[in-house]
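What follows is one structure encoded as structure tokens, with my remarks underneath.
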Amino acid sequence: MQRYRLSRPARTDVASILVESGQRWGNEAKRRYAATLAAAMRQVAADPEGPVTHDRSELLPGIRSFHLRHARLPDTLKVRRPAHVLYYRAVQPDLVEIVRIIHERMEPTRQFGPD
């Protein structure tokens, strides 16, 4: 089984996304979005170079992206329009690091610092 871990900025991203989701759309929507995030993370860990991922090495070496709209979920948990993108990299053969999770409308080049 492939594993994933979240970088410190990604943990902050998740917390912010879920707080805003709960405030804007309520706890049920927050729960579904949390399930979508988790499914997306498991999916990229299982297939880091899958067909719906994109090479984003222009941001940082080895970085790939995955839009949450491609996360596989049961219909009861689906989010109509997920709006975030996972940025991640394989750090070991069986470990993916989720580096950032940013809104699709944000410019990714502004979200990656030297770390």
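Just so you know, all these numbers are worked out from the coordinates, no wet-lab data involved. Everything numeric in this text was worked out from a predicted model, so none of it was measured. Neighbour counts are summed over all protein chains in view; Cβ atoms, including those assigned to glycine, are modelled from backbone coordinates with ideal geometry.
As a proxy for reagent exposure, MET106, MET41 were ordered by neighbouring Cβ count within 10 angstrom, fewest first; the result is MET106, MET41. Within the listed set LEU86, LEU68, LEU59, the Gaussian network model of the chain (springs between alpha-carbon atoms below 10 Å) gives the highest mean-square fluctuation for LEU59. Helix 8-25 and the longest principal axis of the C-alpha atoms of the chain enclose an angle of approximately 20°. Per residue, the chain reaches -11500 deg cm²/dmol at 222 nm when only DSSP H runs of four or more residues are counted, each adding -39500 (n - 2.57). Shape annotation for the stretch 3-106: C-alpha extents along the principal axes are 37, 26, 23 Å, from largest to smallest.
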